[in-house]
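> Before I ask anything, here is the structure I am working with.
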Amino acid sequence: MKSILIVKTGTTFPTLKQIKGDFDGWVMRGLGRDCEFDIHVVRVCDGAALPPPRGWAGVIVTGSHSMVTDREPWSERTAEWLARTVKADVPTLGICYGHQLLAYAFGGRVGDNPGGPEFGTVVVTPNACSETDPILGDFQGPFKAHMCHQQSVLALPHEATVLASTRKEACAAFSLSDCAWGVQFHPEFDSRILKVYVLRHKDKLLAKGVSVRDVFASCMETGCGYEVFRKFLQVVRIRARMPQSRLLEPAV
């Protein structure tokens, strides 16, 4: 049985980590206790080396407190690795930072969101392109998801397709090739985690004229995360049954 690789691009606040665990643990929780795949974690943010892409059933790239635009060495190496992973036809899901890094890896542009920071449980609106998408296709109309970001994908790679948007975010989700997806929202968050992030960023939100009270009040539980991980696992299962030749890393 092949394994799923979690690429950890950051760590949460120490006090929150003591109570709720860390980014990789939240992703594992989202995948569910019944997930039949072994889970491996590589902490690229701490300088850990990435393994060859071939042989993995799937890859999930976490969020981070870093910024893609900082172009830290570990992040640049991970972007190059992501490009090879997707070209090797390995199912890949990028979350928040991972979403932005995936777009950047294929020539997209990342920068500060022109609409300002987006926090809270917000309405995500799928577009017509999402109707047949393996991940978002089952969402019948708008759904609520947890947002916590200051930067965005400002320009997608030419081969990518926008799947959803929000009031502030033009690219809340996208697909790339037929095996990779980026979601700007956080399917791994619960409302308690989100509230901590809102309070931690209250000064930045206030500086942008955002009502922290309204954003905090918006935080609620949503089934969106469960559905995103469930559908990604379906893709992973299907791909894992494909002939091995489909998953080999192409020559570069």
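Derivation of every value follows stated rules applied to the coordinates shown; laboratory data play no part. Here the structure is a predicted model, which means the values were calculated and not measured. Neighbour counts run over all protein chains shown; Cβ positions are idealised from the backbone, glycine included.
> Along segment 124-131, what does the Karplus equation 6.51 cos²θ - 1.76 cosθ + 1.60 (θ = phi - 60°) give for ³J(HN,Hα), rounded to whole Hz, x for Gly and Pro?
Calculated HN-Hα couplings, in order: 9, 10, x, 9, 4, 5, 7, 4 Hz.
> Now for a different question. If amide H atoms are built 1.01 Å from N in the plane of the peptide, which residues on other chains or at least 5 residues away come under 5 Å of the amide H of Val59?
Hits under the 5 Å cutoff: Leu5, Thr92, Leu93.
> How would Met220, Met28, Met67, Met147 line up from fewest to most surrounding beta-carbon atoms within 10 angstrom?
Details: Met220 13, Met28 20, Met67 16, Met147 26.
Placing the least packed residue first, the sequence is Met220, Met67, Met28, Met147.
> Still on this structure, I have one more. Going by how many other Cβ atoms sit within 10 Å of their own, how do Ser177, Ser152 line up, fewest first? Let's see the in-between values first.
On the way: Ser177 15, Ser152 23.
Exposure proxy ranking, most exposed first: Ser177, Ser152.
> Right, something else. Out of the trypsin sites (Lys or Arg not before Pro) in segment 102-196, which ones are loop residues according to DSSP with at most 13 other C-beta atoms within 10 Å?
Numbers: sites: Arg109, Lys144, Arg167, Lys168, Arg192, Lys195; in loops: Arg167, Lys168.
Passing both the DSSP loop test and the Cβ count: Arg167.
> Around Gln184, which amide H atoms from residues at least 5 apart in sequence, or from another chain, sit under 5 Å from its own amide H, with H modelled in the peptide plane?
Correct list: Cys96, Ala173.
> Among all the aspartates and glutamates, which ones have a C-alpha under 19 Å from Lys20's C-alpha, if same-chain residues fewer than 8 places away are not counted?
Cross-link targets: Glu188, Asp190, Glu221.
> Same structure again: Length gain on complete extension for the stretch Ser3 to Asp46, per 0.36 nm per residue less the alpha carbon to alpha carbon distance? Write out the running numbers ahead of the final one.
Values: separation 43, 0.36 × 43 = 15.48 nm, distance 2.16 nm.
Gain in length upon complete extension: 13.3 nm.
> Then there is this: Based on other C-beta atoms within 10 Å, arrange Thr62, Thr15, Thr222 from fewest to most.
Numbers: Thr62 28, Thr15 10, Thr222 20.
Placing the least packed residue first, the sequence is Thr15, Thr222, Thr62.
> Further, regarding this structure: Could you size up the charge dipole of segment 1-72 around its Cα centre, putting +1 on the beta carbon of Lys and Arg and -1 on that of Asp and Glu, and report it in debye to the nearest 20? Mind dumping the intermediate values first?
On the way: 9 positive and 8 negative charges, 9 e Å.
Charge dipole of segment 1-72: 40 debye, to the nearest 20.
> A further question follows. So what's the angle, to the nearest 10 degrees on a 0 to 90 scale, between helix 191-200 and the longest Cα principal axis of the chain?
Once rounded, the angle reads 60 degrees.
> Can you grab the distance from the C-alpha centre of segment 158-223 to the C-alpha centre of segment 11-81, Å, no decimals?
Between the Cα centres of segment 158-223 and segment 11-81 lies a distance of 18 Å.
> What list of ³J(HN,Hα) values in whole Hz, one per residue of segment 11-28 in order, does the Karplus curve 6.51 cos²θ - 1.76 cosθ + 1.60 (θ = phi - 60°) give from phi, with Gly and Pro shown as x?
Here the 3J(HN,Hα) series is 9, 7, 5, x, 5, 5, 4, 5, 8, 10, x, 10, 3, 5, x, 5, 5, 4 Hz.
> Where the Cα atoms of the chain are projected onto their three principal axes, how long is each span, largest first, in whole Å?
53, 40, 36
> Amide H of Leu154 versus every other amide H placed in the peptide plane: which residues, excluding those fewer than 5 positions away on the same chain, fall under 5 Å?
Arg109, Val110, Gly111
> Dividing the alpha-carbon Rg of segment 11-106 by 2.2 N^0.38 Å yields what? Intermediate values should be presented prior to the final figure.
Working: Rg = 13.4 Å, N = 96, 2.2 N^0.38 = 12.5 Å.
Dividing the Cα Rg of segment 11-106 by 2.2 N^0.38 Å gives 1.08.
> Then there's this: Can you give the charge dipole size of segment 87-220 about its Cα centre, rounded to the nearest 20 debye, using +1 on the beta carbon of Lys and Arg and -1 on the beta carbon of Asp and Glu? Intermediate values should be presented prior to the final figure.
Values: 12 positive and 13 negative charges, 147 e Å.
Using only the charged Cβ atoms, the result is roughly 700 debye.
> Here's a follow-up. Where does the chain land at 222 nm, in deg cm²/dmol rounded to the nearest 500, when only DSSP H runs of n ≥ 4 count, each adding -39500 (n - 2.57), divided by all residues?
Mean residue ellipticity, 222 nm, calculated: -9500 deg cm²/dmol.
> Expressed in nm to one decimal, what extension gain is obtained for the pair Gln234 and Ile19 from 0.36 nm per residue of sequence separation less their Cα-Cα distance?
Numbers: separation 215, 0.36 × 215 = 77.40 nm, distance 3.05 nm.
That works out to 74.4 nm of additional length.
> Turning to a different aspect of this structure: From the backbone phi of segment 235-240, what are the Karplus-calculated ³J(HN,Hα) couplings (6.51 cos²θ - 1.76 cosθ + 1.60, θ = phi - 60°) in whole Hz, Gly and Pro given as x?
4, 4, 4, 5, 5, 5
> Treating only the Cβ atoms of Lys and Arg (+1) and Asp and Glu (-1) as charged, compute the dipole magnitude of the chain about its Cα centre; round to the nearest 20 debye.
Details: 29 positive and 26 negative charges, 72 e Å.
My answer is approximately 340 debye.
> What is the pair-distance distribution P(r) of segment 152-205, computed from all Cα-Cα distances in 10 Å bins starting at 0, with each bin given as a whole percent?
With a bin width of 10 Å, the distribution comes to 21, 40, 29, 10, 0.
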